[in-house]
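Contents: one structure, followed by commentary.
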Amino acid sequence: MEQKQKRILLIDDDKDLLHLISMRLGAAGYAVTTAESGQAGLAAMAASPPQLVVTDLRMEGMDGLAVFDAIHREAPALPVVILTAHGTIPEAVAATRRGVFGFLTKPFDPKVLLETVAEALRLSGMPSGVDERWRTEIVTRSPSMESLLAQAKRVAASDATVCILGASGTGKELLARAIHRASRRADAPFVAVNCSAIPEGLLESELFGHKKGSFTGAVQDRRGLFQAAEGGTLFLDEIGDMPLALQVKLLRALEERVVRPVGSNESVPVDVRVLSATHRKLEERIAAGEFREDLFYRLGVVKLALPSLAERRETYRCSPGTSWWRSRSATTARGSLSRRRRWNCWWPRSGRATCASCST
């Protein structure tokens with residue numbers, strides 16, 4: 001059975017409970033690895049990557065949220081379920097905002113545990129038959145980028161919000177488009193908007209639409225980009241530059257899955273997956289009071305950090321086989337010196353830059 005192939009890492013410092021839950025998951029057909037501490041769990045994960053982690057919250061040394069944070073840095077798409085005998089609403093909300101898949105309070109119904117585990121594995125698994133052309137716009141030989149693309153492919157299977165972090169020119173929109181193409185929404189629209197390129201007074205109308213007469217120049221009703229992306233994906237580029245007043249309305253749209261056009265008294269339901277990107281350090285913007293912390297967690301259930309171009313030189317080194325190499329080799333008289341220059345050149349700043357060594 002396919003279920004028997006699913007690998008679960010179970011972490012709990014209560015040996016009796018660890019054994020009991022392990023038996024229940026094993027009886028349900030899962031391959032279970034156990035660990036009695038957070039540190040031991042991370043070591044087990046490194047030795048044999050699981051498809052789901054179930055961890056206790058309160059443990060000696062590294063607690064469950066610290067385990068989650070460590071996992072999230074290395075494998076942001078890996079689902080984590082937290083168990084606790086001391087559950088509170090604030091703890092559950094905080095854990096969910098940080099991207100924890102599930103939060104179960106002991107004693108829990110074994111049926112609820114199994115349903116949560118099955119749902120986490122279902123959402124994290126990539127549907128079969130995905131066309132590998134989903135990533136054709138991203139050309140790379142970098143191990144760090146291949147790892148990131150593997151994470152992106154897993155993330156694409158769910159509707160979780162994704163925040164893509166990286167410097168300008170590193171390919172944030174290309175990655176967002178790739179996630180859309182690999183998702184169940186691939187046949188629906190992909191709509192991109194740069195939040196820093198539209199004046200504050202117009203951005204609300206651009207996103208949520210407006211009613212005729214709602215402001216000067218509104219001569220007819222207009223759908224916003226949320227509605228234009230219905231059933232598909234809305235990509236909010238440079239989200240870190242969104243004005244604070246508009247952040248509140250975006251948060252409501254994400255939480256309630258409705259939008260209210262400017263000048264309207266009625267809300268419109270929307271079915272849209274939201275991806276976002278920024279080159280800014282949002283934690284610093286939060287500390288400065290320029291970005292809402294609750295929106296930060298809502299937008300970044302999964303965070304994907306693009307490595308800088310300097311960290312993936314393998315991709316940008318010139319190599320034989322490309323059309324420019326063949327035409328250049330046929331016409332150049334500079335021999336081995338030119339070949340050495342072509343082998344060693346790379347784009348130092350932006351993926352949109354040109355290679356000076358190859359253009360002369």
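The values are calculated or read from the model by the stated rules, or taken from the named source; none is laboratory data. The shown structure was predicted, so the numbers you read here are calculated from the model rather than taken from an experiment. Backbone-built Cβ (ideal geometry, glycine too); neighbour counts: all protein chains shown.
List of remarks:
- Against the conditions (1) at pLDDT 80 or above; (2) outside any helix (DSSP H, G or I), residue 140 satisfies every one except (1).
- Flag for residue 300 being on the phi > 0 side of the Ramachandran plot and of a type outside the set (Val, Ile, Thr): no
- Taken as a whole, the condition of being touching a strand residue (DSSP E or B) at 6+ places or on another chain (Cβ under 7 Å) and modelled with pLDDT under 90 does not apply to residue 205.
- Residue count, segment 23-45 (criterion: closer than 17 Å to residue 5 by Cβ, touching a residue at least 12 places away in the same chain (Cβ under 8 Å) and in a helix (DSSP H, G or I)): 1
- Selection within segment 48-73 - under 15 Å from residue 10 (Cβ atoms) and in a helix (DSSP H, G or I): 64, 67, 68, 71
- Look at segment 205-226: where a residue is assigned by TED's automatic domain parsing to the domain that holds residue 248 and hydroxyl-bearing (Ser, Thr, Tyr) and a partner is assigned to a helix (DSSP H, G or I) and modelled with pLDDT of 90 or more, sitting 6+ places away or on another chain with Cβ atoms under 9 Å, you get 214/205.
- Test: residue in segment 279-291 that is assigned to a helix (DSSP H, G or I), in the same structural domain as residue 196 (by TED's automatic domain parsing), farther than 27 Å from residue 178 by Cα and basic (Lys, Arg): yes
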